[in-house]
Each structure stands twice: as C-alpha cells, then as structure tokens.
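Derivation of every value follows stated rules applied to the coordinates shown; laboratory data play no part. Source: prediction; values computed, not measured. Cβ atoms come from the backbone with ideal geometry, glycine included; neighbour counts cover every protein chain shown.
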Amino acid sequence: MSLPRFEIFLAAPPGLEPVLLDEVRDHGWTAAKAVPGGVEIKGSWPDIWRANLLLRGASRVLVRLGRFRADALNTLHGKSKELPWKEFLAPEQPFTVEATCRKSRIYHSGAAAERVAKAAAAVTGAEPSEDGLRIFVRIENNMVTISADSSGDLLHRRGFKEDVAKAPLRETLAALFLRSMGYRGETTVLDPMCGSGTIVLEAAEMAAGLAPGRGRRFAFQEFPSFNPQAFDRARTKALGGRADTSLRFHGSDRAEGAIKAAKANAERAGVSGLCRFEQRTVSEVTPPDSPPGLLLTNPPYGTRIGDRKALADLYRAFGAVVRDRFAGWRVGFVTSEDALAKATGLKLEAAPPVPHGSLKIRLWSTPRD
Ligand SMILES: C[S@@+](CC[C@H](N)C(=O)[O-])C[C@H]1O[C@@H](n2cnc3c(N)ncnc32)[C@H](O)[C@@H]1O
C-alpha cells in the first residue's frame, strides 16, 4: 500500500531560509525548495517524523491539508469540509485555528478561522478550543492554504533546557548560525558569553550525532492516523547511534548563575562530558589547548541608552581578545546593533537581519580565508 503524500512546510526565521534549506538537503531531501518563511518538501508520514526529529533549524513542521481558491466565507467553509481532517483530528480532540488574510476578498481572519473550525469539527467531532492541535489558514490573493502543525511545542524546545539565563537564544537560531558559519560538528567551538549554553550545547550535540528531537513529544503523536509501531522503528533508525568525538566545547560567562544553568543543561542533554563551562569575563578568555576552531557568541545588546557606553566597551574588549589570542579561529557573533559590531574593530561580514523578539539581529563573522 502506498503511503499518502503531503506537501510539508518547514518553518524558518525569515532571512535564514537558505541555511535551513542547506540542512534539509543534507538530510537527503534533495528536491527541497526555499520559500519565504521556510522550506518546502514533499513526503509521507516518515518524512514528517524525521523532519521533526532531525532538523535543528526548523521552528515547526506543517503538513498541508489542502490548497484551494475561495473568495467568500461560504466557499471557504464548503471546500474546507472536503479536506482529509480525519487523518489529523480525532473526535473530541481540542484544536485551534489561526488564520491570516492578505490581499483577498475574505479579509476577516477571525471569521475565516471560525468557518474552517466549523468545517473540521463537523467532519471529525473534534472540539474547537483556545488550545490544542494548531491548524493554520493562510489566505493570500484569494488562495487558501490550510495546514496542520505536526510539531506541537516549537521545535527550539528540545526538552532539555530547564535552566535559562538572561536573554537566551533559541536553539533553532543557534543551530542555524552555527551552520551559517560552516560548522558541521567537526571542530572545537567556544562561546565566551555563553549564558545558559545554547550555542555550546547545539555544537556539542551536532558533533556527538545527537538528534535534536530525541527527548520530546510531537503533536503528530496525537493524530488519529499515527502509527506508533512504525514511528518507533523510524525513530530508532533516525536517531542512530551516538558518534564518538574527541572534540571539546567551551563556554564561559561572567555570571555565576549562567554557568550553573549551562552545566545543568549540558547534563540533561547528555553532553556534559564534552562541555567545559567556566565563570570568566570575556577579557580573561584564552583559547583551549586544541587546534583552532570556531568562536561563536551572542553578546548582550541593550535597548536602554545608559547601556551604550558599557556595551561599546565590552564589544571593544571582545574585539581585542579575538585579535590578540584567537589567530586562526573563525569568529562570529550575533547582535542587534551595527554600531556595536563595528566597535569590535574586527574585519567583518554581515549576514541578513533576522527577527528576534522585537529586535532584528544579524550574524557578523570574520571572512573565510
Ligand atoms: C545575550 S546573553 C547570552 C545568551 C546565551 N546565548 C543563551 O542562549 O543563554 C549575553 C551573556 O553575556 C554575558 N556577559 C556580559 N558581559 C560579559 C563579560 N564582560 N564577560 C563575560 N560574559 C559577559 C552575560 O552574563 C550574558 O549571559
């Protein structure tokens, strides 16, 4: 029996679609295509499972239920009823519909969401709710795209990080920035302002061949069409064995709490043996006793005017440390302000801006040799 095939949308932070595309292709989806906001692939249930389990850069995995034209709410309701809802929603399962409308005759997103929810409930007996499985409706130029979220919690929630320091970077972003710097798990990585250790942990997991989704549940496990035995087999195969690595991953931070959090997170993620965390200021950092690797960090960036001088001083000090002690290393950092990047005095290339909360951040990196 052939498996049903779906269009699958892998969401990425805008600006990082090409980086996610690169990762997706590395996992064997060679026909993948980058589109605004993500990457599209085609596949069946095992592809949906693997994408959730393996992709470090995707923020969620959406499965397309259907795409059709509708220029009135009644048409939206009628055509929505024809979609394969029963694969995704069980009777009494809570679900929520989120709609966006752009340049379309249907312009009221609340009304659009309500019509689609009614159609899905009528077909399956599932219960529209504030919460539960998420259905996304996008209406653009009168074309309706309806998708089910197969991930549940956003995928940056790997399931290991309970301790968070100030202003953590999402794991998905950390992984995409590592990949942007060319990192594939084959060099030492050092983060001298590591906070709760996100960059160091992602790097260590990549080197150890640990899949990001190994420790969490996914929304697709609630779908009525879910086949737990087939998933268990696919999961075992996808997770593979742990790779041996002699590399070490180094994080430091001036804050004691950050170092405690980073160590606890590394422990839970099963990579504490590969990671070294120490409380140090950036000016005290020296390279580890290993061949040069990658220095990637996410220094503080302030929004308050009073922070400016102190921040510029910190970036200047960071630039000096890099110049004086890290010859031969590739260096990158993520910040929201071009002026702070320039304060390092380093020769840098800037990547496109990426939304991060209310700010836009960019990866700045030293040019490749
Ligand atoms: C934006 S946070 C990093 C967050 C981290 N990427 C994470 O995911 O948790 C910036 C970090 O820089 C640290 N920091 C600030 N000034 C420092 C200095 N002079 N030396 C070392 N660390 C410093 C702060 O304690 C904070 O943890």
Please report the base-10 log of the normalised intensity I(q)/I(0) for the chain, using a Debye sum with one equal scatterer per alpha carbon and no solvent, at each q in 0.10 (1/Å). -0.69
Tell me which lysines have Cα within less than 16 Å of Lys342's Cα, excluding those fewer than 8 residues away on the same chain? Lys309
By its C-alpha gyration tensor, with a ≥ b ≥ c as the square roots of the eigenvalues, how is region 80-195 shaped: rounded for a/c under 1.5, else prolate for a/b larger than b/c, else oblate? prolate
Compute the helix-to-body angle for 256-269: its Cα long axis versus the longest principal axis of the chain, expressed 0 to 90° and rounded to tens. 50 degrees
Rounded to the nearest 10, the angle in degrees between the Cα long axis of helix 308-325 and the longest principal axis of the Cα atoms of the chain comes to 70 degrees
Given the C-alpha centroids of region 25-59 and region 73-113, what is the distance between them in whole angstrom? 24 Å
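To the nearest µm²/s, what D does Stokes-Einstein give for region 6-149 at 10 °C and 1.306 mPa s, using the Kirkwood radius over alpha carbon pairs as Rh?
Numbers: Rh = 15.6 Å.
After rounding, the answer is 102 µm²/s.
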Give the total of Lys-Lys pairs in region 6-149 with Cα-Cα distances below 26 Å; include a pair only if its members are 8 or more places apart or on different chains. 11
When we measure straight from the Cα of Lys161, which lysines land under 16 angstrom away, once same-chain ones fewer than 8 places off are left out? Lys260, Lys263
Could you list which residues have their amide H under 5 Å from that of Ile361, counting only those 5 or more apart in sequence or on another chain, with H placed in the peptide plane? Val354, His356
Between Lys42 and Leu73, the FRET efficiency computed from the C-beta separation at R0 = 30 Å comes out, to the nearest 0.05, as 0.50
Order these peptides, 359-367, 150-158, by their mean beta-carbon neighbour count within 10 angstrom, highest first. 150-158, 359-367
Output ordering of 97-104, 232-239, 312-319 (per-residue mean of other Cβ within 10 Å, highest first) is 312-319, 97-104, 232-239
How large is the dipole of the chain about the Cα centre if only Lys and Arg carry +1 and Asp and Glu carry -1, each at its Cβ, rounded to the nearest 20 debye? 520 debye
Quick one: if you stick a label point 7 Å off each Cα along the C-beta vector at Val123 and Thr281, how many nm between them? 6.2 nm
Quick one: which residues, 5+ away or cross-chain, put their amide H under 5 Å from the amide H of Arg105? H built at 1.01 Å from N. Asn142
In order through region 124-134: 3J(HN,Hα) via Karplus (6.51 cos²θ - 1.76 cosθ + 1.60), integer Hz, x for Gly, Pro: 10, x, 6, 10, x, 8, 6, 9, x, 4, 9
